[in-house]
1. Would you grab the residues whose amide H sits under 5 Å from the one on Gln112? Only those 5+ places off in sequence or on another chain, please, with H modelled 1.01 Å from N.
2. Please give the FRET efficiency for Ala30 paired with Asp2, using the beta carbon to beta carbon distance and R0 = 35 Å, rounded to the nearest 0.05.
3. Sorted by packing (mean other beta-carbon atoms within 10 Å per residue), highest first, where do 87-100, 111-124 land?
4. Set Lys and Arg Cβ to +1 and Asp and Glu Cβ to -1, take the dipole of the chain about its Cα centre, and tell me which of Asn13, Leu116, Gly31 lies farthest positive.
5. Spin-label point model (7 Å from Cα, Cβ direction): what's the Thr47 to Phe95 distance in nm?
6. Ranked highest first by the average count of other Cβ atoms within 10 Å around their residues, in what order do 4-17, 32-45 fall?
7. Run through the DSSP bridge list for region 16-71 and note the antiparallel percent, rounded to the nearest 5.
8. Can you run phi through the Karplus equation (6.51, -1.76, 1.60; θ = phi - 60°) for region 104-118 and list ³J(HN,Hα) in whole Hz, with x for Gly and Pro?
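Computed from the coordinates by the stated procedures, all read-outs in this text should not be read as laboratory data. These numbers were taken from a predicted model, which means no experiment stands behind them. Cβ: placed from backbone, ideal geometry, glycine included. Neighbour counts: every protein chain shown.
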Amino acid sequence: MDQETLLARALANKSTVTPLVGTLVAASAAGFIVDVGGGRIPARCATSHTPAVNDSVNVWFIDGTPYVVAPTTPQADQGTVVSVGSGLVTVTTQFGDLTIPYSAALTPVAGQVLHLTGKYADSVKSTSPAGGVAIK
């Protein structure tokens, strides 16, 4: 059997994936709207990290169906509060400082570690495991 036949057999019945880069326009429970390839289209969510509107995102077309799989640049999932003011919090992350909005349910204070979703602080990170005791 020649190489071409072996390759054709290996690729038979496999998914076709076309990766592109787009811009997130909107996000909802139903999925995303992205600008990609010269058009604006709905896309399914395939990421646990919700990008922010206007973020550059990786869009994979898998067998013709578009999926947002991740932002094109790494984004912090936590930050330590440096300062708070006017509905914004400045946090230090592994990628530098960010000044972002935070949940109305929070009262952030300097030194606190916050969980970040996209470019938004949504909760205080736990400093000990669930059901556990912090070791001193």
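1. Val81
2. Computed FRET efficiency for Ala30 and Asp2 comes out at 0.15.
3. Listed from highest to lowest mean packing, they are 111-124, 87-100.
4. Positive-end residue among those listed: Leu116.
5. In this crude spin-label approximation the distance works out to 0.9 nm.
6. Packing proxy ranking, top to bottom: 32-45, 4-17.
7. Counting only bridges with both partners in region 16-71, antiparallel ones make up about 90 percent.
8. 5, 6, 9, 10, x, 10, 3, x, 6, 9, 10, 7, 10, 10, x
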